[in-house]
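Engineer: Take this structure first; my questions come after.
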């Protein structure tokens with residue numbers, strides 16, 4: 001879609017201003033129901049669109065993404081724009097700088113339409129934890145769009161943006177992409193700078209694109225993947241246009257399916273997945289069974305490591321430097337600093353965020369660090385080792401993205417553990433740091449609606465090139 | 001090594017953690033956290049059986065370490081300073097205002 005729009009812009013068949021206005025019209029029509037956007041940046045968007053149009057008029061060369069409308073998950077800072085992370089504690093926060101990804105997109109001429117809804121601080125699998133209401137799935141508005149990047153996924157699926165950015169800590173790009181029938185890419189840990197991303201769990205967080213095709217995801221990924229002195233965990237730049245390596249040939253590629261991965265999976269999803277496996281075989285790939293002995297521990301390991309890092313990262317929200325500050329301790333004789341902290345964080349954070357901060361604080365408290373965080377990071381080393389072994393035998397690992405189609409709003413909100421299971425297939429990629437992509441592999445009919453199912457490919461560290469090509473080959477055949 | 005908890009966390013433990021976490025809690029919250037935290041920690045118990053004695057824990061997942069840079073001061077502009085302070089709940093003389101600690 002990006003290439004076609006780029007051609008139209010360059011040939012003068014449409015202007016960026018016209019395109020941008022068209023997208024704002026769609027947003028105006030659909031956002032009331034879907035609640036994908038929290039903030040619109042109309043003025044900035046039209047200004048950028050006009051700037052690109054002038055460049056085109058002057059015959060200057062523009063980047064592939066210049067003049068094309070997109071949106072950001074509202075946990076990425078954009079200078080001068082409200083950035084809430086869908087939390088009441090940041091309700092009035094105006095970002096004083098651009099995240100590195102936002103700076104890059106602006107420099108390339110991207111038109112930023114606004115900020116999209118998410119689970120508070122990206123904690124959740126359904127966007128039901130947002131302080132600003134749930135995002136509805138464009139395919140069936142009784143159902144969730146997934147999470148935590150539900151707004152970004154719904155925006156692309158409902159054509160309210162050409163592409164969006166999300167962040168993925170345990171599946172927050174891939175699971176909503178699966179639920180909304182689009183493509184979502186989580187790059188290798190460290191590929192994309194996290195500077196200006198409101199941190200959730202820093203050893204797991206990674207930014208990536210949502211798009212309607214693998215090629216579009218590759219185009220965006222190529223542009224945002226680069227080293228950044230403001231994020232010391234960043235890998236050296238790839239300096240490669242990944243979209244130029246999509247040759248549609250996967251003959252002889254080895255695809256692993258994990259033994260036991262499909263046990264207990266819904267029969268309808270199992271059937272679609274089996275068909276997808278057959279399709280890969282018919283395209284010339286060799287599919288074989290592999291083992292990842294420790295991957296079954298991914299979820300429990302994740303639910304120690306992530307809350308520990310959450311409790312540390314969210315300590316900065318203290319009601320002193322920015323955000324909400326509850327300072328009305330009338331009943332208190334002291335009215336001291338501690339009470340401001342306690343009240344601000346009690347009122348400002350939602351239930352799930354508080355639950356994770358409490359859990360992480362407990363696990364990191366004196367005497368427990370070795371038993372929990374350190375133990376979890378050791379098991380994580382074993383999980384990574386499994387992947388090292390697996391990628392000696394296969395090029396990619398294939399699974400469903402989620403154990404289910406989009407579920408109904410309210411279905412899982414009362415049971416945190418049940419909600420956590422939604423990420424069972426996606427979490428191990430974050431634990432191991434490998435890249436993974438979700439793309440549509442079929443649908444299942446429920447309540448008269450064709451609900452999409454995503455397939456997930458994982459590849460070895462930094463092999464986004466091969467992985468994108470495999471997904472592209474599947475998608476275009 | 002401390003043995004991983006096997007039973008429900010006590011009310012006092014939850015109160016202690018809440019102060020460490022700087023989160024105000026009601027009696028009702030405390031009961032809920034006792035239940036929620038204990039069930040998640042129970043779930044973690046499945047890791048106890050894995051022998052990790054000779055395993056080194058993960059630092060950076062792709063193995064990157066010591067990303068160095070020069071220790072240079074870069075001045076921020078007046079506007080940057082203003083934009084940052086604009087977000088402060090309380091500000092005085094270009095600085096964040098904080099309640100007395102003692």
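The values are calculated or read from the model by the stated rules, or taken from the named source; none is laboratory data. Treat the numbers as computed from the prediction; the structure is a model and nothing was measured. All Cβ positions, even for glycine, are placed from backbone atoms using ideal geometry, and neighbour counts span all protein chains on display.
Engineer: From the list B:41, B:9, B:47, B:37, exactly one residue is more than 22 Å from the chain's Cα centre (by Cα), buried (at least 16 other Cβ atoms within 10 Å of the Cβ) and at the interface with chain A (Cβ under 10 Å from one of its Cβ atoms). Which is it? Even if it seems obvious, please write down each step before you answer.
Structural biologist: Details: B:41 fails: more than 22 Å from the chain's Cα centre (by Cα); B:9 fails: more than 22 Å from the chain's Cα centre (by Cα); B:37 fails: more than 22 Å from the chain's Cα centre (by Cα).
Only one candidate passes the filter, namely B:47.
Engineer: Filter region A:308-327 down to residues that are facing another protein chain (nearest Cβ under 8 Å) and in contact with a helix residue (DSSP H, G or I) (Cβ under 6 Å, 6 or more places away or on another chain) and give me whichever is surrounded by the fewest Cβ atoms within 10 Å (Cβ to Cβ). Full working, then the answer.
Structural biologist: First, pick out the residues of region A:308-327 that are facing another protein chain (nearest Cβ under 8 Å): A:311, A:315, A:318-325, A:327.
From what's left, in contact with a helix residue (DSSP H, G or I) (Cβ under 6 Å, 6 or more places away or on another chain): A:311, A:318-319, A:323-325, A:327.
Details: A:311: 25, A:318: 19, A:319: 24, A:323: 23, A:324: 21, A:325: 20, A:327: 14.
Applying the filter and picking the extreme gives A:327.
Engineer: Which of the following residues is within 12 Å of the chain's Cα centre (by Cα) and farther than 29 Å from residue A:67 by Cβ: A:152, A:178?
Structural biologist: Values: A:152 fails: farther than 29 Å from residue A:67 by Cβ.
Only one candidate passes the filter, namely A:178.
Engineer: Also, quick follow-up: Can you find, within region B:86-98, the residue that is surrounded by the most Cβ atoms within 10 Å (Cβ to Cβ) among those that are within 7 Å of chain A (Cβ to nearest Cβ) and more than 10 Å from residue A:325 (Cβ to Cβ)?
Structural biologist: It comes out as B:87.
Engineer: Right, something else. Give the residue that is farthest from the chain's Cα centre (by Cα), with candidates limited to residues of region A:285-302 that are buried (at least 20 other Cβ atoms within 10 Å of the Cβ) and assigned to a loop (DSSP other than H, G, I, E, B).
Structural biologist: Ranking the qualifying residues of region A:285-302, first place goes to A:285.
Engineer: Oh, and also: Assigned to a helix (DSSP H, G or I) and either farther than 30 Å from residue B:20 by Cα or within 14 Å of chain B (Cβ to nearest Cβ) (or both) - does that describe any residue in region A:440-456? Outline the logic, then answer.
Structural biologist: The initial filter retains those residues of region A:440-456 that are assigned to a helix (DSSP H, G or I), namely none.
Scanning region A:440-456 turns up no residue that is assigned to a helix (DSSP H, G or I) and either farther than 30 Å from residue B:20 by Cα or within 14 Å of chain B (Cβ to nearest Cβ) (or both).
Engineer: Hey, another quick one. For region B:66-79, check the following and say yes or no: at least one residue is in a loop (DSSP other than H, G, I, E, B), facing chain A (nearest Cβ under 7 Å) and modelled with pLDDT of 90 or more. Explain how you work it out, then say what you get.
Structural biologist: Restricting attention to region B:66-79, the residues satisfying the condition of being in a loop (DSSP other than H, G, I, E, B) are B:66-77.
Still in the running and facing chain A (nearest Cβ under 7 Å): B:67, B:69.
This time we only want the ones that are modelled with pLDDT of 90 or more, so: none.
No.
Engineer: Considering only region A:353-371, state which residues are over 14 Å from residue B:36 (Cβ atoms) and either surrounded by fewer than 18 Cβ atoms within 10 Å (Cβ to Cβ) or facing chain B (nearest Cβ under 7 Å) (or both). So that I can check it myself, show each step before the final result.
Structural biologist: Residues of region A:353-371 over 14 Å from residue B:36 (Cβ atoms): A:364-371.
Once the filter is applied, which keeps residues that are over 14 Å from residue B:36 (Cβ atoms) and either surrounded by fewer than 18 Cβ atoms within 10 Å (Cβ to Cβ) or facing chain B (nearest Cβ under 7 Å) (or both), region A:353-371 yields A:365, A:366, A:367, A:368, A:369, A:370, A:371.
Engineer: Specify the residue that is farthest from the other protein chains (Cβ to nearest Cβ); the eligible residues are those in region A:234-244 that are touching a residue at least 40 places away in the same chain (Cβ under 8 Å) and surrounded by fewer than 19 Cβ atoms within 10 Å (Cβ to Cβ).
Structural biologist: It comes out as A:240.
Engineer: Hey, another quick one. So in region A:57-93, with the set limited to residues that are surrounded by 19 or more Cβ atoms within 10 Å (Cβ to Cβ) and not in a loop (DSSP other than H, G, I, E, B), which one is nearest to the other protein chains (Cβ to nearest Cβ)?
Structural biologist: The residue in question is A:90.
Engineer: Name the residues in region A:418-477 that are at positive phi and under 17 Å from the mean Cα position of the chain (by Cα), would you?
Structural biologist: Step one: filter region A:418-477 for residues at positive phi, giving A:433, A:442, A:447-448, A:462.
Result: A:433, single match.
Engineer: Right, something else. Filter region A:198-229 down to the residues that are within 14 Å of chain B (Cβ to nearest Cβ) and either assigned to a helix (DSSP H, G or I) or farther than 20 Å from residue A:433 by Cβ (or both) and list them by number.
Structural biologist: A:198, A:229
Engineer: Condition first: touching a strand residue (DSSP E or B) at 6+ places or on another chain (Cβ under 9 Å) and within 14 Å of chain B (Cβ to nearest Cβ). Can you find one or more residues in region A:271-289 that meet it? If you could, list the steps in order and put the result at the bottom.
Structural biologist: Keep residues of region A:271-289 that are touching a strand residue (DSSP E or B) at 6+ places or on another chain (Cβ under 9 Å), which gives A:271-273, A:275-281, A:285-289.
Keeping just the survivors that are within 14 Å of chain B (Cβ to nearest Cβ) gives none.
No, the conditions are met nowhere in region A:271-289.
Engineer: Let me ask another. Got at least one residue in region B:68-75 being surrounded by 11 or more Cβ atoms within 10 Å (Cβ to Cβ) and either over 20 Å from the mean Cα position of the chain (by Cα) or closer than 27 Å to residue A:316 by Cα (or both)? Before you say what the answer is, go through the steps one by one.
Structural biologist: Initially, region B:68-75 is screened for residues surrounded by 11 or more Cβ atoms within 10 Å (Cβ to Cβ), giving none.
Checked against the condition, which is being surrounded by 11 or more Cβ atoms within 10 Å (Cβ to Cβ) and either over 20 Å from the mean Cα position of the chain (by Cα) or closer than 27 Å to residue A:316 by Cα (or both), region B:68-75 yields no hits at all.
Engineer: Same structure, new question: Residue by residue through region A:245-279, note down the ones that are under 30 Å from residue A:63 (Cβ atoms) and exposed (fewer than 12 other Cβ atoms within 10 Å of the Cβ). Before you say what the answer is, go through the steps one by one.
Structural biologist: Restricting attention to region A:245-279, the residues satisfying the condition of being under 30 Å from residue A:63 (Cβ atoms) are A:245-250.
Listed by number, the list holds a single entry, A:247.
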